[in-house]
Every structure is written in C-alpha cells, then in structure tokens.
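Just so you know, all these numbers are worked out from the coordinates, no wet-lab data involved. Note that the coordinates shown come from a computational prediction; the quantities given were computed from them, not determined experimentally. When we count neighbours, we look across all protein chains shown, and the Cβ atoms used for this are built from the backbone with ideal geometry, even at glycine.
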Ligand SMILES: Cc1cc2nc3c(=O)[nH]c(=O)nc-3n(C[C@H](O)[C@H](O)[C@H](O)COP(=O)(O)OP(=O)(O)OC[C@H]3O[C@@H](n4cnc5c(N)ncnc54)[C@H](O)[C@@H]3O)c2cc1C
C-alpha cells in the first residue's frame, strides 16, 4: 500500500514553525516533513537585536532544538538540507545533495537574505549582517574576541540598524551609524520621532554619519576603516550591515512560480502553482485592489500561518491581514510605528505634549494613512490603530 504523501514545509524560521503549529492543532495524522538549510532550531528572531544588552548568547536564544520541535509537532525535521528544485507537476522537491521528496502540499517559508552593498576594499568581505541566530553567534564571537568595548560601524539607520545601535551601546560598545538619509528611521517614522530618537541618543556613544554612504571597507591591521562617500573615514573593529533584506525568490522563480518582490501569493497563501503555498519574509501578500507587498514582520506571518494551517487541514481560510504597529526595540526611546503604505503621498503632522509625541501621516484627502508614537502603551497603540482602521474603512466606502 502506498503511503499518503506528507505536507512539506521548507524553512525552519518563525513562518515555517508557525504553519506547522497551526496545522498540527487541526490535523494530528497527516505526515509533516520540515526541511531546512539551517539546523532547524527554533528561536524568536526579533530577539537578535536586543539580546546583547540582556547578555544573552546564541545558545540562550534557542528556545527548542530541531529534535524538540520534531517531538512537539509530531513531525520529521531534516536540517542542513538546501532545497534547490521544485517540480510542481510531479509534486516533488529536490535537494543540493541529490535527495527528492514528494509532497501532498508544499509550504515555502524561505525567508529573505541581507542585501549586500557593493563595497570596495579588502575589508568588504568582513562586513557582518545579522538575519539568523548563526549570524548573531558570529557577532557575539567577534565582540568577545576583542576583550574590550568594540567600535562598531552600522551601515543603515532603519529599524534593524537603530535597534542594534541601541543594543550595542547598552552592551557597553561604541557605535557609528551611517545612512544616506538625513535622519534615522527615515522610511518609517515622522521627522519628529527621528529627532526624538537622536535626542535620546545624545548622551550615548552613538555617532551619526547621515546623508552619506559607505563606499570602501579596508583592513588596517586587526581593525577596519570605513571610507564614506562624503570623504570622511571611520575606524571600526566590526562593521555591521543593516541595509535591508531581499525576499528569497530564486527557488520559486526557477520552478516557474509567479514572483515580484516576493513569491506572489493569493489571499489563501497559494502561489501560482497548485498545492504550493508561501508565507513570511519570502512572500508577497495581496493587499487589496490587486496590490501586493512584502511584510517582513512577525504579525503578518502569524496571521498567514493560522490561515494556511487551517487551509492545509481542510478548511480553506483566507489570510486576513490587519494594520499593526511595529514596536521598535530601542530601549533609549520606546517607539511604535505604523508607517503609511509605500508610495503614499501626504504629510506627517505631530503633537508633542512635552512627554510623548503622537504623529499621524495624513494624505491629501485628510485620511490618516499611518502613525508613530513615542512612549507608547498598548492602550494608546490600540486607539491609534482603531483610528487608522476607521480611516481605511471610510476611504473604502468613499472609493
Ligand atoms: C534583527 C531582527 C530584528 C527583528 N525584529 C522584529 C520585531 O521587533 N518585530 C517584528 O515584527 N519583526 C522583526 N523582525 C522581522 C521578523 O523577525 C521576520 O519577519 C521573521 O522572523 C521572518 O521569518 P521567516 O520564517 O519568514 O524567515 P527566516 O527566519 O529567515 O527563515 C527562513 C528559513 O528558510 C530556510 N531556507 C531558506 N532557503 C532554503 C532552501 N533553499 N532550502 C531549505 N531551507 C531554506 C532557512 O534556513 C530558514 O530556516 C526582525 C528581524 C531581524 C533580522
């Protein structure tokens, strides 16, 4: 008798384990196979940018080993296997080491890769980026190897760059933050909130090099020198790149699946190939009116995991995304940001009561499209979120 085919999930990040958990709650019998190029341990990735101040190393951030996850999920978990092919017609995937796995349904939870700046110089290869627990382990090793506080240059003052800056100085290190924009968090936050963050950092060993970019990283003895486009140079022990992520679409592309910035999925999380789903950092979600967006955050992937898990268990369930604020883990200044959709036109308007800043992004029709808060509380975030939802519903009714 032939064995029923398993549901296969490729990847072992929060998206993969999110789907696996949701699926197993509803379906206790179908075989579940999780295949990942890493060692498939489970960890909360957002912790990577605030673990230094807490003194946590990579092992302490690992919540469960692959074996523990396999037992919890009643799944087979294969780590260290890179999936290189998908044959949607045959319903098989193939690995770099020549193995083939047949699936009933396939879930791609492949994540994203750090964007590498085109840097010159013999130190360019030494630039680190942290998008995985193993990357964090490398950063910890580099910091510990110095035996003294490190001079860290961070390329990129977006969400991740700012969080690492804050975490590194809290951990006793010195930071230089480089960004082409004139202010940190430029793509996400109101100017008033960026200014408030800069003010909160003023007493800390954080040097801002804004309005310029790194062009060369060269070695100087055991250290590095970062040459900037404005002609200045920064001495560093460690250079950390945080300039953004690129969704992992190559595997899907080579199998003929529809891709744009991410792997294109419909409201049910289905890709353009039958029986193949995607979610998390690799996916491009439908956002209504035929639009799509990558959403490299935890909240959307948890919503997608719940819906796809239910669909795979036999109840077709659409992914219902909701607007959510991203909590920026900068301990120096608590921020929550719900930026307007990319390409929105309008202006930030803010109220500063001397203690807290509340900023709203308002479009030409007076509709609130985004917001940002300092010193936020759940109640305040929810109130602003409700305002945003209401404005969207109103805009929908008008449109
Ligand atoms: C430092 C940092 C801080 C963050 N902070 C926050 C935060 O505060 N709030 C928030 O909402 N979001 C935050 N995020 C984003 C959030 O953590 C991510 O959106 C989420 O973890 C992505 O999960 P994922 O499973 O899609 O991808 P990943 O965690 O990248 O997992 C991808 C998996 O796929 C595997 N894989 C890839 N290709 C293959 C292949 N070909 N074959 C086999 N396996 C493969 C990888 O080994 C990996 O296991 C942060 C991200 C970072 C980097």
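Packing-based ranking of 274-281, 361-368 yields 274-281, 361-368, ordered from highest to lowest mean Cβ neighbour count within 10 Å.
Multiplying each eigenvalue of the alpha-carbon gyration tensor of the stretch 292-360 by 5 and taking the square root yields semi-axes of 33, 15, 9 Å, largest first, rounded to whole angstroms. Classified by the C-alpha gyration tensor, the stretch 160-223 has an oblate form. Its axis ratio a/c, with a ≥ b ≥ c, is 1.5 or above, and a/b does not exceed b/c. Taking only the Cα atoms of the stretch 116-243, the ratio Rg/Rh comes out at 0.94, with Rh defined as the Kirkwood radius. Helix 133-146 versus the longest principal axis of the chain: what is the Cα-based angle in degrees, 0 to 90, to the nearest 10? Taking the Cα atoms of the chain, the angle to 133-146 is about 30 degrees.
Computed on the chain, with alpha-carbon pairs under 8 angstrom and 6+ residues apart, the relative contact order is 16 percent. Once the Cα atoms are used to define both axes, helix 378-398 deviates from the longest principal axis of the chain by about 70 degrees.
Rg and Dmax of the stretch 201-288, based on Cα coordinates, read 20.5, 56 Å. Of 252, 305, 260, the residue with the greatest mean-square motion in the GNM of the chain, using alpha carbon springs below 10 Å, is 260. Each residue, residue 195 and residue 349, gets one label point 7 Å from its Cα in the Cβ direction; the gap between the two is 1.8 nm. By the compact-protein rule of thumb, 2.2 N^0.38 Å, the alpha-carbon radius of gyration of the chain corresponds to a ratio of 1.04. Distance from the Cα centre of the stretch 241-310 to that of the stretch 178-236, in angstrom? Cα centroid to Cα centroid, the span is 32 Å.
With the convex hull of its Cα atoms as the shape, the stretch 340-398 has an orientation-averaged projected area of 4.2 nm². Take the convex hull of the alpha carbons in the stretch 10-131; its mean projected area over all directions comes to 10.0 nm². Measuring nothing but how far apart in sequence close Cα pairs (under 8 Å, 6+ apart) lie, relative to its length, the stretch 340-398 scores a relative contact order of 26 percent. Only residues of the stretch 106-133 count here: report those whose backbone N is under 16 Å from the spot 7 Å along Cα→Cβ of residue 253, or say none. Within reach of a label on residue 253, which here means backbone N under 16 Å from a point 7 Å along Cα→Cβ, the stretch 106-133 contributes 110-116. Per-residue extension of 0.36 nm, minus the Cα-Cα distance of residue 229 and residue 383, leaves a gain of 51.1 nm for this segment.
Rounding to the nearest 10 and keeping the result within 0 to 90°, find how far the Cα-based axis of helix 159-170 lies from the longest principal axis of the chain. Approximately 60 degrees, to the nearest 10. Just grab the label-to-label distance for residue 138 and residue 115, each label 7 Å out from Cα along the Cβ direction, in nm (one decimal). Rounded to a tenth, the inter-label distance reads 1.9 nm.
Taking label points 7 Å from Cα along the Cα-to-Cβ direction, residue 25 and residue 170 give a separation of 3.0 nm.
Protection proxy ranking, highest mean first, for peptides 325-333, 110-118: 325-333, 110-118, where packing is the per-residue count of other beta-carbon atoms within 10 Å, averaged.
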